[in-house]
Amino acid sequence: MKGQMSESAPLIALLCISGGFMDAYTYNCRDKVFSNAQTGNMVLMGQNFATLNFSAGFRYLIPVLAFAAGIFCSELLRKKYQNYERLHWRQIVVLLEALLLFFVGFLPQSYNMPAVVLASFVCAMQVQAFRKLNGYTYATTMCIGNLRIATDLLSNYAVHRDKKLLKKSLIYYGFILIFIIGAALGGVITLRFHEKAIWCSSVILLITFVIMFAEGE
């Protein structure tokens, strides 16, 4: 299977929905810890360590470490399977994400930390595997980078009046909006279905996995 399989806007939109959903899920259902927003976790970790609340500090430290492990493993998968013919290595990442999140849905509240660890691991794999759109960097599990790029493109359009720059800027703002919609859905569905709500992300990732077959043709 040849070619890049991560540079279509519909595929990125699905991943953004899943990314927003995962953050809302872990925050609302798993002890108010973020799976994507590791900067937020680091702020809360530092605050708790500074006030000698070590148990809470470690609750935010462990997802950060899991996120780093996810990036590490995603890169190992890329190096090992980048020339694999039957599946693109990014498809392997997406399939593994879907399976891990499906497992998370079975974990009760007493296993919130393992659930957050797996969700953070999955988010890191996704952000590492899907990073480019037509030569521009983007992220499907966080918004700061997308906001920077979108606004940079918009400022360049204001100077050069190149409509291609405006179009790209609007696409990035669109990704941010889609991420927010995913987070909104995640919050509402999690309040209704609790631990099993994460299965929605699994379904989205499986749809992404199938779409990538068409992209690889």
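Quick notes
- Filtered by the rule that a residue be aliphatic (A, V, I, L, M), open to solvent by 60 Å² or more (accessible area, probe 1.4 Å) and under 20 Å from the mean Cα position of the chain (by Cα), the stretch 32-60 gives Met42, Val43.
- Picking from residues in the stretch 61-117 that are among the basic types (Lys, Arg) and either under 16 Å from Ser18 (Cβ atoms) or in contact with a Phe, Trp or Tyr (Cβ under 9 Å, 6 or more places away or on another chain) (or both), the one that is surrounded by the most Cβ atoms within 10 Å (Cβ to Cβ) is Arg90.
- Restricting the stretch 119-166 to residues that are touching a Cys at 6+ places or on another chain (Cβ under 7 Å) and among the hydroxyl-bearing types (Ser, Thr, Tyr), the residue that is nearest to Thr208 (Cα to Cα) is Thr140.
- Among the residues of the stretch 118-151, those that are assigned to a helix (DSSP H, G or I) and exposed (fewer than 14 other Cβ atoms within 10 Å of the Cβ) comprise Ile144, Arg148, Thr151.
The values are calculated or read from the model by the stated rules, or taken from the named source; none is laboratory data. What you see is a predicted model, and the numbers here were worked out from it, not measured in a lab. Glycine also receives a Cβ, built like all others from the backbone with ideal geometry; neighbour counts cover every protein chain displayed. Please note that ligands, DNA and RNA were not included when accessible areas were found on the heavy atoms of the full protein model with its side chains. Shrake-Rupley method; radii C 1.70, N 1.55, O 1.52, S 1.80 Å.
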